[in-house]
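The next block holds one structure in the form of structure tokens; read it before the comments.
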Number of protein chains: 2
Amino acid sequence: MPGVATKPRRTSEGPTRQAIKSATTRARIIDATIRCLVKYGYAGTTTLKVAEEADVSRGAMMHHFDNAAALMYATAEDLHQRRLKAHVRRAREFDHQQTGKLVQQSWEQFRSPNFIAFLELAMAARTDEHLAAILSPLQREYRERWYRQALELYPEWESASDEFALAFSLSQTILHGLAVALLTESIKPEMVEAVLRNLERQIRELRAAAKARSLASEGASVPAPA
Amino acid sequence: MPGVATKPRRTSEGPTRQAIKSATTRARIIDATIRCLVKYGYAGTTTLKVAEEADVSRGAMMHHFDNAAALMYATAEDLHQRRLKAHVRRAREFDHQQTGKLVQQSWEQFRSPNFIAFLELAMAARTDEHLAAILSPLQREYRERWYRQALELYPEWESASDEFALAFSLSQTILHGLAVALLTESIKPEMVEAVLRNLERQIRELRAAAKARSLASEGASVPAPA
DNA sequence: GGCAATACGATCAGGGCTGCAGGTTTTATT
DNA sequence: AATAAAACCTGCAGCCCTGATCGTATTGCC
């Protein structure tokens with residue numbers, strides 16, 4: 001077929017068509033990987049299944065990711081970025097008074113497919129030092145971001161690092177715990193709400209304690225009585 | 001070599017030597033499976049590695065377990081029995097006053113290799129309906145046993161099912177959460193103790209509330225004030 | 001001692017998965 | 001238009017794992 005060369009040949013700046021195409025299929029493959037992790041688990045996720053799920057030839061896939069491990073690394077980083085983005089969005093929309101809403105939204109994150117996929121990778125990383133080497137710094141960054149964000153939202157934590165650290169750890173622990181305990185049927189689903197409300201109450205109490213200490217240390221450096 | 005037949009030929013009752021041998025190697029294989037789950041994870045646990053770890057030929061192994069799936073099922077049941085046994089032992093040695101000790105011992109269970117192995121199986125069960133069909137009733141039994149045990153130890157819970165259910169769910173959630181949050185580096189290891197102590201405090205408060213309600217309902221059916 | 005059953009061992013065929021070695025098509029540059 | 005480079009596809013060889021078959025040794029029963 002002659003005359004097919006009607007395609008634009010612009011040398012102008014901006015992402016080239018190649019770059020766009022490349023990024024697109026790359027994203028398609030990573031998306032497919034996440035779906036596979038959810039559907040089949042880490043053990044059952046093969047390059048073949050991912051290629052099928054992404055509707056891409058295995059060759060194309062190997063072009064973007066040298067081997068299966070590289071694919072997992074890239075997926076881990078992508079999941080990390082998604083979690084960060086969700087976290088930032090949550091914080092931005094946040095109304096200072098509604099601790100309950102914040103907890104609720106955080107919990108929704110832990111119910112998302114992204115968290116399942118992340119959990120699969122985290123479990124795999126336990127016995128895969130290379131994967132662990134990728135995940136570890138990401139987790140670290142996530143923790144730190146959360147910390148800073150919370151300090152911006154609740155300045156009163158500033159002078160009560162103990163209460164803050166506990167509130168943070170409690171939140172992480174309970175959210176992770178709910179997700180896993182549900183997965184393993186270690187608690188009944190109808191108890192989730194009660195546990196979440198309990199967490200909210202705990203956070204509020206710790207905040208109050210932090211505020212009290214903040215006021216106390218403001219007047220004079222009097223250590224709070226036990 | 002003649003004269004080797006000095007081996008006892010007793011037809012007496014009791015487990016035969018065959019039965020003993022069989023049970024022994026069976027146990028060796030299951031032990032090896034658990035170790036493999038810890039070492040290599042579910043994805044990396046193959047029949048070959050298990051046989052090596054157990055120091056048994058693959059043939060012998062296939063004699064006791066028809067296929068890899070059967071091995072996993074048997075391991076799941078074995079882990080369940082171990083967890084039950086540990087739980088009963090914990091309850092028996094228990095001194096009624098020391099909530100802290102009970103929490104501490106429960107936490108130690110969650111740090112054991114058995115829990116890791118169990119977690120690997122539980123994660124695998126998420127995408128393996130056959131394995132899930134095995135694990136589900138076991139989990140159910142574990143929950144129920146825990147419930148009954150706790151009611152025997154703390155009769156005051158009896159008339160405060162809400163507080164009891166919350167205390168139970170909180171314990172399960174936090175213990176699971178600590179284990180997983182540590183695994184995923186979502187909390188710092190030095191915070192574990194603080195979270196555990198917080199759990200103890202919560203349980204004590206719920207117990208007190210339960211006791212109060214118990215007394216109130218004893219005199220008359222007056223609903224406890226908020 | 002003889003026979004059956006059980007426990008165990010060595011070997012093999014088949015299947016699925018991986019990684020790579022070639023090609024073909026599309027895009028970018030000149 | 002010509003060339004290079006990037007994106008993409010097809011097919012193959014090798015590997016590990018699995019399940020099964022056959023053979024051997026031990027044990028139980030008579």
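For the reader, a short list of remarks on this structure follows.
- Cβ pairs under 6 Å, 6+ apart, first in segment B:19-37 and in contact (Cβ under 8 Å) with a residue 12 or more places away in the chain and more than 11 Å from DNA strand C (Cβ to nearest atom), second in a helix (DSSP H, G or I) and not aliphatic (A, V, I, L, M): B:I30/B:T75; B:I30/B:D78; B:A32/B:E53; B:T33/B:T75; B:R35/B:E53; B:C36/B:K49; B:C36/B:E53; B:L37/B:E120
- Being of a type in the set (G, A, S), at the interface with another protein chain (Cβ under 9 Å from one of its Cβ atoms), buried (at least 19 other Cβ atoms within 10 Å of the Cβ) and part of a helix (DSSP H, G or I) is a description that does not apply to B:A117.
- Residue match in segment A:155-165 (condition: among the aliphatic types (A, V, I, L, M) and over 30 Å from B:A132 (Cα atoms)): yes
- B:L138 vs. criteria within 12 Å of another protein chain (Cβ to nearest Cβ), modelled with pLDDT of 95 or more and under 15 Å from the mean Cα position of the chain (by Cα): yes
- Criterion (over 24 Å from A:V38 (Cβ atoms), in contact with a helix residue (DSSP H, G or I) (Cβ under 6 Å, 6 or more places away or on another chain) and either away from chain B (no Cβ under 12 Å) or surrounded by fewer than 19 Cβ atoms within 10 Å (Cβ to Cβ) (or both)) met by exactly one of A:S159, A:S169: A:S159
- Among the residues of segment B:52-92, those that are aliphatic (A, V, I, L, M) and closer than 19 Å to B:E129 by Cα comprise B:A68, B:A69, B:A70, B:L71, B:M72, B:A74, B:A76, B:L79.
- Taking segment A:75-97 as the range and being surrounded by 12 or more Cβ atoms within 10 Å (Cβ to Cβ) and not aliphatic (A, V, I, L, M) as the test, the residues that pass are A:T75, A:E77, A:D78, A:H80, A:R82, A:R83, A:H87, A:R90, A:F94.
- Any chance B:M72 is away from every other protein chain (no Cβ under 14 Å), within 16 Å of DNA strand D (Cβ to nearest atom), surrounded by 17 or more Cβ atoms within 10 Å (Cβ to Cβ) and part of a helix (DSSP H, G or I): no
- Condition met for B:E152 (more than 12 Å from chain A (Cβ to nearest Cβ), part of a helix (DSSP H, G or I), surrounded by fewer than 19 Cβ atoms within 10 Å (Cβ to Cβ) and modelled with pLDDT of 95 or more): no
- Residue list for segment A:174-200, filter: outside any helix (DSSP H, G or I) and more than 7 Å from chain B (Cβ to nearest Cβ): A:K188
- Among the criteria (1) within 30 Å of A:Q149 (Cα to Cα); (2) within 14 Å of another protein chain (Cβ to nearest Cβ); (3) modelled with pLDDT of 90 or more, the one A:K85 does not fulfil is (2).
- Close Cβ contacts (under 8 Å, 6 or more residues apart or on different chains) running from residues in segment A:59-70 that are over 14 Å from A:T33 (Cβ atoms) and more than 6 Å from DNA strand C (Cβ to nearest atom) to residues that are in a helix (DSSP H, G or I) and modelled with pLDDT under 95 are absent.
- Count - residues of segment B:188-226 that are loosely packed, with under 12 Cβ neighbours inside 10 Å and modelled with pLDDT of 90 or more: 3
The values are calculated or read from the model by the stated rules, or taken from the named source; none is laboratory data. Everything quoted here is computed from the prediction, not taken from an experiment. Here Cβ is always computed from backbone atoms with ideal geometry, including for glycine, and neighbour counts include all displayed protein chains.
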